[in-house]
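Data first, discussion second: the structure below is written as structure tokens.
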Amino acid sequence: MITLIKNIQELLQVRETSIEKISGAEMAKLPTLKNAFLIIKDNLIEDFGSMENLPQINADTIIDASGRVVLPAWCDSHTHIVYAGNREQEFVDRINGLSYEEIANRGGGILNSAKKLNETSEEEIYEQSKLRLEEVMQLGTGAVEIKSGYGLTIEGEMKMLRVIKKLAENYPVSIKATFLGAHAFPAHYKENKTGYIDEIITKMIPEIAQNKLADYIDVFCESGYFSVEETEKIMQAGIEFGLKPKIHVNQFNSIGGIQAGIKYNALSVDHLEIMNPEDIEALKATETMPVALPSCSYFLSIPYTPAREMLKAGLPLALATDFNPGSTPSGNMNFVVATACIKMKMTPEEAINAATINGAYAMGLSQTHGSITKGKKANLILTKPISSYYQIPYAFGSNLIENVFIEGKLLT
Ligand code: NIG
Ligand code: FE
């Protein structure tokens, strides 16, 4: 099956050879081809180039992309889209003056979602979650990481991870699964934190790894949640079972989570709303991808990740949604890219690099996703007619997507 997309006004993120990630000043450069063609063969990018070099081919489908932009589908490396119900009441409580932390301290927050998750059947959780996955695919996401972390019991966590596995089996989008048993302490372990950590280490991790239900291990390293020491213990246990860390750090406080992540060679450290100079320094010359979640900053009215300082220091940066019922009930990567430009002062080029190739890196997918490179997955966004790709962040409330291709197939 061959699809030819011709007369593309501008083809973004073209990389002749596959790169792993992009850092610092290099992020300001987004390689593009004007007046381009792209050939999809089955599920892969077969070829691309300037229209004057269009080869003679027999395509099954020909799409005329005049006036339109084509770019790699978004790579969303941090989500919690498997959950039950919602937390709209907490949203209203926050409008009325309570903080996210105050709500959590009253037994709301993550524990509220955990209660709902454990009361809901696996089938029902799948049904609710698949709608969110379908929605984000329509919004241009072609690869997504999904975390557990609303079970907080071995049954609940396994249930979530099985739902993630089923989504991965039933949808063409690439999905990576992360075990986040260390998301919060369940109420009955409040006075026995080591008891819960022992359960994570001795029961949950071995069982999950044995059943091959997770690729990565995550911990919410934060004051009032998991300390740096506890985070290190859990990362270490995960690593012993082949789960590389991708951790929540520096959302509300800088307590040393970044340094702990680096020590254990974390694939990514995510959130980073509160960054001090030592945190930025520590990330230099490491393989750990910093991941910013601007929709979370927006929804909770907390600081944005200091992208400019980080890029100036030569660091790479990825952008992801954090789609979850509490801090970010949105999986719209287009909004993330726009918000990164508007609030974090990233340029459109930097934001697109962060949401494609660097997002792919933060899921271990940069060999197959995140750029227009021959042999990579044909996961693509085809925009509506637009004057230039600047429109993507500029027209922040508009849906500029005409078509999405995942694994070479047009989503309908
Ligand atoms: O990434 N910060 C920790 N976890 C999620 C929010 C979880 C929730 O509120 O349900 C986050 O923001
Ligand atoms: Fe998160």
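The values are calculated or read from the model by the stated rules, or taken from the named source; none is laboratory data. Please read these numbers as outputs of a predicted model, since none were measured by experiment. Cβ coordinates were reconstructed from backbone atoms using ideal geometry, including for glycine residues, and neighbour counts include every protein chain displayed. Surface accessibility is based on the protein's heavy atoms, side chains included, excluding ligands, DNA and RNA. Shrake-Rupley method; radii C 1.70, N 1.55, O 1.52, S 1.80 Å.
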Considering residues of the stretch 314-343 that are in contact with a helix residue (DSSP H, G or I) (Cβ under 6 Å, 6 or more places away or on another chain) and of a type in the set (Val, Ile, Thr) only, the residue farthest from ligand 2 (Cβ to nearest atom): Val337
Considering each residue of the stretch 136-150, count those that are of a type outside the set (S, T, N, Q) and farther than 18 Å from Ser327 by Cβ, and give that number. 5
Here is a check on your reading of the model: is Asp64 more than 16 Å from ligand 1 (Cβ to nearest atom) and either open to solvent by 50 Å² or more (accessible area, probe 1.4 Å) or at pLDDT 95 or above (or both)? yes
Going residue by residue through the stretch 275-287, is there one that turns out to be in contact (Cβ under 8 Å) with a residue 12 or more places away in the chain, surrounded by 24 or more Cβ atoms within 10 Å (Cβ to Cβ) and assigned to a loop (DSSP other than H, G, I, E, B)? no
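So that you can scan it fast, the table gives a plain yes or no per residue for (1) open to solvent by 30 Å² or more (accessible area, probe 1.4 Å); (2) out of contact with any Lys or Arg (no Cβ under 9 Å at 6 or more places or on another chain):
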site	(1), (2)
Leu4	no, yes
Glu10	no, no
Ser18	yes, no
Ala25	yes, no
Lys34	yes, yes
Ile45	no, no
Ser50	no, no
Specify the residue that is most open to solvent (accessible area, probe 1.4 Å); the eligible residues are those in the stretch 142-158 that are hydrophobic (A, V, I, L, M, F, W, C) and more than 16 Å from ligand 1 (Cβ to nearest atom). Ile154
Out of Leu161, Leu133, Leu139, sole residue that is farther than 18 Å from Asn86 by Cβ, touching a residue at least 40 places away in the same chain (Cβ under 8 Å) and open to solvent by less than 20 Å² (accessible area, probe 1.4 Å): Leu161
Which pairs do you get when a residue that is in contact (Cβ under 8 Å) with a residue 40 or more places away in the chain, found in the stretch 289-300, comes within reach of a residue that is assigned to a helix (DSSP H, G or I) and within 10 Å of ligand 1 (Cβ to nearest atom), reach meaning Cβ atoms under 7 angstrom, with the pair 6+ apart or on two chains? Leu300/Tyr100
So the helices (runs of 4 or more DSSP H) completely within the stretch 314-412 holding 2 or more residues that are of a type outside the set (A, V, I, L, M), out of contact with any Pro (no Cβ under 9 Å at 6 or more places or on another chain) and modelled with pLDDT of 95 or more are 348-355
Selection from the stretch 30-54 of residues that are touching a residue at least 40 places away in the same chain (Cβ under 8 Å) and more than 18 Å from Ala73 (Cα to Cα): Met51, Leu54
Show the residue pairs meeting these rules: Cβ distance below 6 Å; 6+ apart or different chains; first residue within the stretch 340-352 and basic (Lys, Arg); second residue open to solvent by 30 Å² or more (accessible area, probe 1.4 Å). Lys343/Tyr304; Lys345/Arg308
How many of the residues in the stretch 288-309 are away from ligand 2 (no atom under 16 Å from the Cβ), open to solvent by 10 Å² or more (accessible area, probe 1.4 Å) and part of a helix (DSSP H, G or I)? 2
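Residue by residue, here is whether (1) crowded, with 19+ Cβ neighbours inside 10 Å; (2) in contact with a Ser or Thr (Cβ under 9 Å, 6 or more places away or on another chain); (3) aliphatic (A, V, I, L, M) holds:
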{"residue": "Trp74", "(1), (2), (3)": "yes, yes, no"}
{"residue": "His80", "(1), (2), (3)": "yes, yes, no"}
{"residue": "Ile95", "(1), (2), (3)": "no, no, yes"}
{"residue": "Ser99", "(1), (2), (3)": "no, no, no"}
{"residue": "Arg106", "(1), (2), (3)": "no, no, no"}
Enumerate the pairs (first residue in the stretch 80-91 and under 15 Å from Asn118 (Cα atoms) and within 11 Å of ligand 1 (Cβ to nearest atom); second residue anywhere and open to solvent by less than 30 Å² (accessible area, probe 1.4 Å) and of a type in the set (Phe, Trp, Tyr)) with beta-carbon separation below 8 Å, excluding pairs fewer than 6 apart on the same chain, so at least 6 apart or on different chains. Tyr83/Tyr150
Options Leu167, Leu180, Leu152; residue that is aliphatic (A, V, I, L, M) and in a helix (DSSP H, G or I): Leu167
Would you pick out the residues in the stretch 119-143 that are in contact with a His (Cβ under 9 Å, 6 or more places away or on another chain) and under 19 Å from Leu161 (Cβ atoms)? Ala143
Of the residues in the stretch 223-242, those that are surrounded by 14 or more Cβ atoms within 10 Å (Cβ to Cβ) and without any contact (Cβ under 8 Å) to a residue 40 or more places away in the chain number 9
Check Tyr83, Tyr126 and return the single one that is in a loop (DSSP other than H, G, I, E, B) and either at pLDDT 95 or above or in the same structural domain as Tyr390 (by TED's automatic domain parsing) (or both). Tyr83
